[in-house]
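Here's the structure, in structure tokens; my notes come after.
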Amino acid sequence: MVLRRLFYRWLLPAAFVLPLWLFVGWIVFSGGSGWALLWLFVAVPAVFVSQVLLSLLVRARGSVRESRAVSWRDAVGIGLWHLVIIALGLFDSRVFFPLLVLSVVGALVLFWSSLAQVWNEARGTVTVMHAADGTAYIPAPRERAQQRSQQRVDGDVIVVAESPRQE
């Protein structure tokens with residue numbers, strides 16, 4: 001739970017720290033290459049926008065807001081994606097393009113994963129009942145509560161009435 005809460009707190013600062021890391025990595029490791037600078041002008045805003053969107057999608061879920069912790073699926077996915085972005089900021093020419101492709105694919109996978117989690121959580125569960133003639137309907141909330149209470153008492157119920165003691 002602690003790790004998931006750390007990821008929850010890290011989501012918004014990461015939108016600023018990771019693009020800054022790419023810029024610092026370009027200064028320290030690339031030596032000022034023109035192509036790297038051109039790539040940097042595209043990558044920094046892309047990382048910023050994608051991180052902000054992912055943060056908002058993750059924080060939009062009620063379970064995340066309630067527990068103030070991301071899901072394990074989010075923690076693993078976002079953690080791996082951030083590691084790829086950090087490795088990308090080292091500007092190692094031997095692995096630069098595979099890491100670039102991996103970071104773009106990772107961002108897309110995380111985006112769709114977050115959307116799916118938001119959708120599943122927002123959708124909730126719906127009970128469809130069937131009338132005697134076969135017509136399907138969704139019961140009103142009161143009806144659902146009554147059904148739940150009736151379902152709990154499916155067995156035999158024995159009621160023993162006490163009689164006053166006669167002395």
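Which condition from (1) part of a helix (DSSP H, G or I); (2) within 19 Å of Phe16 (Cα to Cα) is the one that Ala116 breaks?
(2)
With the checklist (1) touching a residue at least 12 places away in the same chain (Cβ under 8 Å); (2) in contact with a helix residue (DSSP H, G or I) (Cβ under 7 Å, 6 or more places away or on another chain) in hand, flag the one item Arg65 doesn't pass.
Only one criterion is unmet by Arg65, namely (1).
This table checks each residue for (1) under 30 Å from Arg123 (Cβ atoms); (2) in contact with a Phe, Trp or Tyr (Cβ under 7 Å, 6 or more places away or on another chain).
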position	(1), (2)
Phe29	no, yes
Leu40	no, yes
Ser55	yes, no
Ala75	yes, yes
Pro98	no, no
Val105	yes, no
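Do we have Asp156 as surrounded by fewer than 10 Cβ atoms within 10 Å (Cβ to Cβ) and either modelled with pLDDT of 70 or more or part of a helix (DSSP H, G or I) (or both) here?
Taking the combined requirement at face value, the residue satisfies it.
Suppose the filter is in a helix (DSSP H, G or I), at pLDDT 85 or above and either in contact with a Leu (Cβ under 9 Å, 6 or more places away or on another chain) or within 30 Å of Leu38 (Cβ to Cβ) (or both); does Val76 pass it?
For Val76, the condition - in a helix (DSSP H, G or I), at pLDDT 85 or above and either in contact with a Leu (Cβ under 9 Å, 6 or more places away or on another chain) or within 30 Å of Leu38 (Cβ to Cβ) (or both) - is not met.
Do we have Val44 as β-branched (Val, Ile, Thr), surrounded by fewer than 17 Cβ atoms within 10 Å (Cβ to Cβ) and assigned to a helix (DSSP H, G or I) here?
No: the conditions fail for Val44.
Any residue that is farther than 24 Å from Val101 by Cβ, part of a helix (DSSP H, G or I), out of contact with any Leu (no Cβ under 6 Å at 6 or more places or on another chain) and among the small types (Gly, Ala, Ser) - is there at least one of those in segment 51-64?
yes
Restricting attention to segment 1-41, report how many residues are among the β-branched types (Val, Ile, Thr) and more than 22 Å from Leu90 (Cα to Cα).
Count: 1.
The values are calculated or read from the model by the stated rules, or taken from the named source; none is laboratory data. All of these numbers come straight from a predicted model, not from anything done at the bench. Note that we place each Cβ from the backbone using ideal geometry, even for glycine, and neighbour counts take in every protein chain shown.
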